[in-house]
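Data block below; observations after.
The values are calculated or read from the model by the stated rules, or taken from the named source; none is laboratory data. Remember, predicted model here, so these are calculated numbers, not experimental data. For neighbour counting, all protein chains shown are included, and Cβ atoms are generated from backbone atoms with ideal geometry for every residue, glycine included.
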Amino acid sequence: MRYWYASISLMLLLFCIVGHAEEFQLLYKSPRAQAMGGAFTAVADDESAIYYNPAGLAGVSKILFHGLSANIEVSNDAVNSYSDLSNALSNSGFSVLNNFMGKNIYARAQASSDFVFPGFGVSVLYDQQLGVSLKNKALPVLSIQRQNTYGVQAAFGVPVLTLRKKKGQLRFGLAGKYLFRSGGYQKVSLMELLTIDSKSMINQLNSSLGSGYGLDSGVQFVYQIKKKLSLKSALAFKNIGDTSFSGTSSPIKSDLVFGLASSYQSDDMVATLAYDYSHILDYADWRKKNHFGLELKFPLLSLYGGVNQVYLTYGAGVDLWFIKVMYLSYAEEQATLVNQDPERRHLLHITLKLEI
């Protein structure tokens, strides 16, 4: 009898732990961070620190101005099924079932303007997302995502403790955001699919525009082992208590992240190895929380590799002083457990910048 009680208790515990059945939603995805498998909390040494870990701004030594940073992101199914998507949007009922069954169609456009100088940064962000997914032939359910977010985020980071001989430094940072959001996520049953055309279903996602504000905090510890070798550890708590919006728009869930990183600098290359364990407070498959990344940075070229959750990430970037171009590919798990419903995505990034 004790065996059965123990077995049932274990099953319930596992169910709770892996009960998160959706993709982890992020306000901002840095192409550099995503190319490193999402492992960036301890690295946080550029304008992305505004969103990933504000404490990292204390280590920025340049003035960075990005007049425009633009990301275009699409899933494999969006690329391979463009004609099917067009047909589905002009029909209804079973046509929707036939065109969307078993596919993850996702597109995201994101643009930002960033200004950073040592210890402080501000970013203006615009983000538009569209996603369609239809699963389960026996009892189909269509998931639709249409979301528009824009606003501003400002952050600062300061050193709070410096070890003797300046080999180590503890940094602290805060970030505040004020955002506007419309749209969200909707699941449509089989009966609704047969009676409502797909355009009407998408139009239903146009919820009234709502505003919201949120707070991030972070710490970062940097230790210089040798002149060319450094270690970093960090903890960031983003969207503390959730960033909610007036109206019916979806909130941005809080995210507690722990990170480690190590960098080695030679005469013509900087190699960075990083690890993040994200969404620590979420009940989810622990494998979905793991992120590993590697960056090899040369004077004009950067190469990236990593593991996002359990899926391979890779990318490359070219930096030509006033313009930076990157391509990367990664995958996100859409189901409760890994290896159930991964969605591979491709991201193209262009930045017009000035660094002093």
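Listed by first and then second residue, the pairs with beta-carbon distance under 7 Å, at least 6 apart or on different chains, first residue in segment 101-121 and at pLDDT 95 or above and assigned to a loop (DSSP other than H, G, I, E, B), second surrounded by fewer than 17 Cβ atoms within 10 Å (Cβ to Cβ) and of a type in the set (Phe, Trp, Tyr), form an empty list. Entry remark, segment 304-321: residues being over 15 Å from residue 349 (Cβ atoms) and surrounded by 14 or more Cβ atoms within 10 Å (Cβ to Cβ) number 7 in total. Each residue in segment 170-196 was checked for being touching a helix residue (DSSP H, G or I) at 6+ places or on another chain (Cβ under 8 Å) and either modelled with pLDDT of 80 or more or assigned to a strand (DSSP E or B) (or both), and 7 of them qualify.
Here residue 253 meets the list (1) modelled with pLDDT under 95; (2) more than 18 Å from residue 281 (Cα to Cα) almost entirely, failing just condition (2).
Across segment 23-77, the qualifying residues are those that are among the polar types (S, T, N, Q) and assigned to a loop (DSSP other than H, G, I, E, B), and the one among them that is surrounded by the fewest Cβ atoms within 10 Å (Cβ to Cβ) is 61. Taking the criterion of being touching a Leu at 6+ places or on another chain (Cβ under 9 Å) and either at pLDDT below 95 or aliphatic (A, V, I, L, M) (or both), the residues of segment 328-356 that qualify are 328, 331, 347, 348, 350, 352, 353, 354, 355, 356. The residues in segment 241-270 that are in contact with an Asp or Glu (Cβ under 7 Å, 6 or more places away or on another chain) and exposed (fewer than 14 other Cβ atoms within 10 Å of the Cβ) can be counted, and the count is 0.
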